[in-house]
Structures are given as C-alpha cells and as structure tokens.
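So the structure is just underneath, and the comments pick up after that.
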Amino acid sequence: MRKKTRQIHVGNVAIGGDAPISVQSMTTTYTRDVESTVAQIERLQDVGCELIRVAVPEMEDAVVLSEIKKRIKIPLIADVHYNPELALEAIRQGIDKVRINPGNLLQGRKSLEKIVLAAKERDIAMRIGVNSGSIDALDKAAQMQRVQVRLRDDGTLERSDPAEARRLEREHLAERMVTRALEYISWCEELDYHNIDVSLKSSTVLTAVEAYRRFSERSDYPLHLGITEAGTLVTGAVKSSVGLSMLLADGIGDTLRVSLSAEPEEEIPVAFEILRSLELRNRGVTFVSCPSCGRVEIDVISVANEVEKRLSKVQTPIQVAVMGCVVNGPGESRDADVGLAGGKGKGVIFRKGQVVRTVPENQFLDAVLKEVASLLPEAEAKVVYPEGGIKDTAGTHRTRDEGMNIPMLPRA
Ligand code: SF4
C-alpha cells in the first residue's frame, strides 16, 4: 500500500496523494548556456522525463530561467545553494519550484523565510533537500575514530567497527537528518506555507533508506526519493535500484530521481524500470530478453540491445521479448505483446501470443519493430517503424554448427 501523502503541484505535475510517482532529472549543462540546456531538456522530454531541475550557481544562470521555461514542456525547478538572492530571482523568472537546503543558506532561517514568502506569493512549490553530507552527524569523537581493518588468516577482512556500531551510527545520522527537515518545515508552516516536498538523500543506501522511513512515520509531506552521488551508470543504477526499491516497496515515495555520473537521459529509463518492476508505473516498454548461453542460435545480445534502443521513446505500455532459442523463447515470446524466439539463423515472430511468421536473421529488426508499431498509436508507430521499413540489421550471423560473428549484409 502506498503511503498517503498530501498533494502538491509543480506546474502541471501533481506530486503526492494519489498522483503517479513522477520521474525527474537534472541538467548537466551550464544553465546560462540556454541553447545547450534547452537541447538537453528536449532530449530528456523525449525519453519521458516529467520534471527538470537546473543548477543556479550564479545570477547569470538565474536571469535566463524564463527563457528556458518558455521553450520546454515540463515543469522547471531551480536548484539553489547558499545565496537566497538567486532563489528570489529564479522565482521572479517564473520557475515552477525551487529546491533549497536551508542548512546551507547564508543567514539560514531569515533567508528561508524570504524565499518562502516569495514562493507563496507566486504559489509555487519548494523542495527542502537535506543531504547527509551537510549534516554534522557524527560525534566529533566518533569522527576522529579511525576504522581499523585487519586481514584474517582466511583472507577475509575484519573491521574494527562491527555491524552493530555501523547501524547505530547510521540511525544517529538519519535521525539528525529527519529532525533537521522537520525543523525547516515548521519554519515554513509558521508562515502558513505548505507547498513542500522533502528529500533526505545520502550516498550511503542504508542511511538514505533509514532517513526516509523515519520521516515517513512522522510526516505526510510528499517525498522526493534519491540516492545522491550514486556513481556511474552501472554502480549508480544498482545502488539507486536497491535503495529506491526498498522504500517504494514500503509504499514510500512520490517522485524520484536516479542520479548517475552519465548523460541525464540515461537516468530516465532506469527510473521507469524500477517503477515498472514494482508495478507502480507501466509507461513504456517492458523488455524481456535472455542473457544467451551456449544453446543460442542467434546474436541475441546485439538484437536485444538494438530493439531496446529503438523503442526508448515509446510511452505506450507494451511488452517485448527477444529470446535466443527454443528452451524459453516460445514461452516468453507468447506471453509478450511482441516476441522473437530465435532458431537456427532465423526467428519466429509472435504477436499477442500468436505466431505471425518466421524471418531470417537479417530481418529481425524489421519484423519485430513492424509488429510493435502495429500496436502503437500512429505518432509513436511512425517513429518506431518509418515508411519503407527498417533496412538495418543488428548483430552477426551466429549458429552453433555454422560458426559465429560473421557480419551480416544489410537486407537488399
Ligand atoms: S533462451 Fe535459450 S539461449 Fe537464451 S538463455 Fe535460455 S537457453 Fe540460453
């Protein structure tokens, strides 16, 4: 059961209450470079990003926000640290939401109050973002204590801080984060401002999970989930999936960002995959493909990757399977809306559980994408399967008895 939170609105996107859990990202361009920033936001919109945050480190970045907002379709959030004047200018520029960490604002509460009054006047939302890194969490003594690591005779490592000590430290930090967030909220409430969501991020998965759980028990403000500084594409996707899934499975979370040291467009499919896996959103393609093994009869890895890439902009819920051989291929393909089950140098195409036809491997892309397009609305179908069909091929010829990795010629 999803935890019931109060609902706020960021532009035309509702967060909290019974609204779908929304997916957001943050640009990596210099915000003052309007052309590059807008271009990146457009790429993010194309793959399903629903809210976008931009960094506002200086006034040059604040004064271009109205221009950026005019040119994009999704709500614009300004991310401000330290200088409250930047937040005030961003609000004047017409942004939909401001993200601040009151803990690092110059003049603390006084600055927060100025921003709250400006946000209230324009009826825009605010995220109170508390990061573990900005909390003086550990006792000074504990901070000074060096963790000793010893190599045991059996080759394993023994840490001088046992699991129990780490757990207590984590709980202490999480509690400090929650206390701080609740204090900031109370400052806003004293000004009768409630248009708030909250994040309690940490780069340590279990600390973030602990903080979000504790906050959720004590408040019904909507939560923006994230594991901050999670890492590169694989590391970050795994850490985010673990942390966010633990919370989402508890019913906690109203909007989320998967933070990756990668192009921000890479964050969106990871976020939607997490939500689809937990059956919280069903937007886009649920993709099923086998890892391939020594039984494989087609180049399933290349074909699966190419099909998935070409379907990245599809928003209609649809299940597509690409499978390597007869062991699990027909079963999974039959269960999908469209499936390809590999055989020796050829593949059987399924549509809605029925065999449609058998095609040679140089027609896999054409056949799968044609069937997918036939199930999509016209605008999406045109993108997936342009007039004239797909001439490209994917992968190499690969069968057990004829050899492998022989480049295929494009279809005539
Ligand atoms: S479907 Fe066939 S090729 Fe793919 S992993 Fe299973 S057994 Fe291997």
Taking the chain and dividing mean pair separation by its residue count, relative contact order in percent (alpha carbons under 8 Å, at least six apart)
12
Efficiency of FRET from Cβ geometry, SER261 and GLN7, R₀ 30 Å, rounded to 0.05:
0.40
Karplus couplings for the stretch 227-244 from phi (6.51 cos²θ - 1.76 cosθ + 1.60, θ = phi - 60°), rounded to Hz, Gly and Pro as x?
9, 7, 6, 6, x, 6, 3, 6, 4, x, 5, 5, 4, 5, 4, 5, x, 5
If you place +1 on the Cβ of every Lys and Arg and -1 on the Cβ of every Asp and Glu, how big does the dipole about the Cα centre of the stretch 285-407 come out, in debye to the nearest 20?
120
Surface accessible to a 1.4 Å probe, HIS9 within the full protein complex, Å²
100
In whole percent, the fraction of accessible protein surface over the stretch 285-407 that belongs to carbon or sulfur atoms, probe radius 1.4 Å, stands at 49
Given R₀ = 35 Å, what would the calculated FRET efficiency be for VAL242 paired with ARG283, taking r from the Cβ atoms and rounding to 0.05?
0.95
Put +1 on the Cβ of each Lys and Arg and -1 on the Cβ of each Asp and Glu in the chain; which of VAL130, THR5, GLN40 then has its Cα farthest toward the positive end of the dipole?
THR5
Of the stretch 23-51, those with amide N under 17 Å from the point 7 Å along the Cα→Cβ vector of LYS73 are 23-25, 38-51
For the chain, set up a GNM with springs between Cα atoms under 10 Å and report which of GLY294, GLY284, GLY243 has the largest fluctuation.
GLY294
Provide the per-residue ³J(HN,Hα) series for the stretch 34-41, in order, calculated from phi with Karplus coefficients 6.51, -1.76, 1.60 and θ = phi - 60°, each as a whole number of Hz, with x at glycine and proline positions.
4, 4, 5, 5, 5, 4, 5, 5
With all protein chains present, calculate the accessible area of TYR82 using a 1.4 Å probe and round the result to the nearest 10 Å².
130
Note the per residue figure in Å³ for the convex hull of the C-alpha positions in the stretch 285-407.
87
Could you check how much of the accessible area of the stretch 65-133 is carbon and sulfur, as a whole percent, using a 1.4 Å probe?
47
Once fully extended, how much extra length lies between LEU233 and SER374, figured as 0.36 nm per residue of separation less the alpha-carbon to alpha-carbon distance?
47.5 nm
Fully extended, how many nm does the chain gain between GLU85 and ARG218 (0.36 nm per residue separation, minus their Cα-Cα distance)?
44.7 nm
May I ask you to list the residues of the stretch 361-399 whose amide nitrogen lies under 19 Å from a point 7 Å from Cα along the Cα→beta-carbon direction of CYS293?
399
With only alpha-carbon pairs counted, each pair once and no self-pairs, how large is the Kirkwood hydrodynamic radius of the chain in angstroms?
23.7
State which stretch of the chain is the longest one without any exposed GluC sites (Glu not before Pro), exposure meaning a DSSP loop state and at most 13 other Cβ atoms within 10 Å.
59-278
Considering Cα pairs under 8 angstrom that are at least six residues apart, work out the relative contact order of the stretch 167-249 and quote it in whole percent.
31
Please state the charge dipole magnitude for the chain, taken about the Cα centre, from unit charges on C-beta atoms (+1 on K and R, -1 on D and E), reported in debye and rounded to the nearest 20.
500
GNM on the chain, Cα springs under 10 Å; top mean-square fluctuation among SER134, SER241, SER199 goes to SER134
Here FRET efficiency (C-beta to C-beta, GLU60 to ARG122, R₀ 22 Å, nearest 0.05) is 0.50
Take the Cα of THR396, step 7 Å along the line toward its Cβ, and report every residue of the stretch 310-329 whose backbone nitrogen sits under 13 Å from that point.
none
Listed residue (VAL64, PRO386, GLY342) projecting farthest to the positive dipole end of the chain, Cβ model:
GLY342
Distance cut-off 26 Å, Cα to Cα: go down the list LYS3/LYS97; LYS69/LYS309; LYS239/LYS370; LYS3/LYS309; LYS73/LYS110 and report the pairs above it.
LYS69/LYS309; LYS239/LYS370; LYS3/LYS309; LYS73/LYS110
What full-extension length gain, to one decimal in nm, is calculated for VAL326 and ARG43 as 0.36 nm per residue of separation minus the Cα-Cα distance?
98.1 nm
Separation of the ASP250 and GLU35 label points, Cα + 7 Å toward Cβ, nm
4.7
If Lys and Arg each add +1 and Asp and Glu each add -1, what is the summed charge of the other residues whose beta carbon sits under 13 Å from the beta carbon of HIS397?
-1
Name the most mobile residue of THR37, THR28, THR399, meaning the one with the largest mean-square fluctuation, in a Gaussian network model of the chain with Cα contacts below 10 Å.
THR399
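The values are calculated or read from the model by the stated rules, or taken from the named source; none is laboratory data. These numbers were taken from a predicted model, which means no experiment stands behind them. So basically every Cβ, Gly included, is an ideal-geometry build from the backbone, and we count neighbours across all protein chains shown. Just the protein is used for accessible areas: all its heavy atoms, side chains included, with ligands, DNA and RNA removed. Shrake-Rupley method; radii C 1.70, N 1.55, O 1.52, S 1.80 Å.
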